[in-house]
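Reviewing the structure listed below.
The values are calculated or read from the model by the stated rules, or taken from the named source; none is laboratory data. Please read these numbers as outputs of a predicted model, since none were measured by experiment. Backbone-built Cβ (ideal geometry, glycine too); neighbour counts: all protein chains shown. Calculation scope for accessible area: heavy atoms of the full protein, side chains included, ligands and nucleic acids excluded. Shrake-Rupley method; radii C 1.70, N 1.55, O 1.52, S 1.80 Å.
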Amino acid sequence: MKSKKLFLVIAIAVAVSGVGWVAFGNLGENLVYYWTPSELHDHGDKAQGAIVRLGGMVKTGSIVPGDPLTFTVTDGTAEVKVLTTEIPPAMFREGIGVVVEGTVDSNGTFESKRLMVKHDNSYKAPTGGKMPDQKEMFGTLADDDAANAGKTPVAAGTP
Amino acid sequence: MSSTLSSRVTAGLGVLGVLLLCVGSYDGLFLAPADRFMGDIQRIMYVHVPCAWATMVCFSVSLVGAIGWVVDLGVKAKRAGVGAERRWGWDDSLESSIEVGVMFGALLCVQGMIWAKPTWGVYWTWDPRLTTVAVMELMFVAVLALRSFVDEPVRRATWSSVATLVAYINVPLVYFSVRWWSSLHQVQSSTESVDPAIRIPLGINSLAILFISIGLMGLRTRLAALNREALLAGDDAGAAAGGAS
C-alpha cells in the first residue's frame, strides 16, 4: 500500500511538473513550427541548406504568377522572397497568412517545396453576394495528383 | 435500481442529442451562409468543433474518475468507510469516458484532415495543435491498451487512474497549443469573429454532440459495471472453489 501511494505521488508530481515545464520553461522556444521572416534573417547563414518553415503574410502586390510562382512573405518588419513551382491552394491570395516549407539559397531566396495557406479564426458570410467558386476550391484536390506526378522525377533528380 | 434509472436518463439524452444534431446540421448545411473565403467546406466546423469539445469533456470525465478512485483508495486506507459501489463507479466511468473520448478524437482528426486539404493545401502537417492532439489521442489509446493487459480489477483501476492523470496533461496542452506556439491551425474563435448565423448551428450541434457523448458514456458505463461485476463474481466463485478443493 505504501509503495502504491508513493507511486501515485510521484506520478502526479511528474504530471504537474510536466505542465509547468511546458508552460513556463524554454520548451516553447525549441518547439518552433515556423520562423517569421525576421527570425529567418536572424539565423543568417545557419538557415541555408536545411529544410525550414517560414510563416508570414503574403505582401500585397507581390504575387507574380508563372512557373515558378513568386511572392513576398512579410511579418511587417522583414521580408523574404519565395518561389514555388507548386500549385497554391485556392485560398492563396494577397494579404493571407502562409507557411512555406523549403530551403533558403545564398541570396536569401526561399525555394518552397510545400505551400500551406493559413485560415484565421473568422467565419463570415460573404458580403455583396459574391460566393467562392466551389469548382476552383475543390480543383486543388484533383490537380494535386496530376501536378505531383509530373514533379516527382524533378524532385528526385535535385537532392 | 438507480443505475438503471440513470442509464435511462443518459440514453434519453443521447436520443435527444441525435434529434438536435439533425436540426443543427440542417441549419448548418442548408440555411446558414457559407464562409466568404472557404465556401461550403467551412460547414465541416459544425461537427469538427463540437467533436473537439466532446473529446475534451470525455477526457475530463475520465480525469474525475481517476481522481475519485485515487482519493477513495487513500480514504479506504485510512478508514475503511467508502462504499464499494461508489469506488467502482469511478473506474466504470473512467473506462467509458476514455473510450468515447478516443472515438470523438478520431472523428475530430478525420474531419480536420478533410477540411485541411482544400483550405491549407495539406491533409496533415506537424503543427503544434495537430501534434498535441495526436499525442493526446495516442496516450489515451495507451490507457485503454493498459487496461486490457491487466486482469485484476483493483490493480487495473489503480494503474489506469494513474495513467489517466498523466495523459490528461495533454488536454490543456491541446487547448493552449495555438496560443503558446505559432501554428498553422487557427486560434479559438470569439463571438466577434463568427457571424451570428454561423454561431446558431454551431451552438445547436455542440449541445447535440455533448448530449450524444453523455448518452454513449452512460450506456458504456453501465456495460463496464456489468462486466466488472461479472469479473468480481467470477473471482469470488474462483476463490471459493479454490478454498473448497
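When a 1.4 Å probe is rolled over the protein heavy atoms, the share of accessible surface on segment B:145-193 that falls to carbon and sulfur comes to 62 percent. For segment A:30-119, the Cβ-based charge dipole about the Cα centre amounts to some 220 debye (Lys, Arg positive; Asp, Glu negative; other atoms uncharged).
Our note on the geometry: Cα centres of segment B:101-170 and segment B:18-38, 28 Å apart.
Per residue, the convex hull spanned by the alpha carbons of segment B:1-57 comes to 71 Å³. In the context of the full set of protein chains, residues of segment B:128-245 present 45 Å² of accessible surface per residue (probe radius 1.4 Å, heavy atoms only). With protein chains left intact and a 1.4 Å probe, residues in segment A:30-119 average 48 Å² of accessible area per residue.
List the accessible area buried at the contact between B and A, summed over both sides and calculated with a 1.4 Å probe, in Å² to the nearest 100. The partial results should precede the final answer.
Working: alone 13040 and 11410 Å², together 20330 Å².
Interface area, both chains combined: 4100 Å², rounded to the nearest 100.
Can you give the net charge of the other residues whose Cβ lies under 11 Å from the Cβ of A:Asp105, counting K and R as +1 and D and E as -1? Each step should come with its number before you reach the end.
Numbers: positive: A:Lys81; negative: A:Glu111.
My count for the surroundings of A:Asp105 gives 0.
Tell me the angle of helix B:153-167 to the major Cα principal axis of chain B, expressed in degrees between 0 and 90 and rounded to the nearest ten. Approximately 30 degrees, to the nearest ten. Its Kirkwood hydrodynamic radius, worked out from the mean inverse distance over all distinct Cα pairs, puts segment A:30-119 at 12.8 Å. For the peptides B:181-194, B:37-50, residues were scored by their other Cβ atoms within 10 Å and the scores averaged per peptide; the highest-first order is B:37-50, B:181-194.
Element breakdown for segment A:30-119 at a 1.4 angstrom probe: carbon and sulfur atoms account for 50% of the accessible area. If you sort B:Ile204, B:Ile209 by accessible surface, 1.4 Å probe, largest first, the order is B:Ile204, B:Ile209. Of the residues making up segment B:178-210, those losing 50 Å² or more of accessible area when the isolated chain is joined by the remaining protein chains, with a 1.4 Å probe, are B:Trp181, B:Ser182, B:Leu184, B:Gln186, B:Ser193, B:Asp195. Taken over segment B:147-223, the alpha-carbon convex hull comes to 136 cubic angstrom per residue.
Looking at segment B:84-156, what % of the alpha carbon pairs are farther apart than 22 Å?
On the way: 1010 of 2628 pairs.
Considering segment B:84-156, 38 percent of its Cα-Cα pairs are separated by more than 22 Å.
Shape class of segment B:1-147 from the Cα gyration tensor (axes a ≥ b ≥ c, square roots of the eigenvalues): oblate, since a/c reaches 1.5 or more and a/b does not exceed b/c.
With N denoting the number of residues in chain B, provide Rg(C-alpha) divided by 2.2 N^0.38 Å, to two decimal places. Numbers along the way, then the final one.
Working: Rg = 20.8 Å, N = 245, 2.2 N^0.38 = 17.8 Å.
Relative to the rule-of-thumb radius for its length, chain B sits at 1.17.
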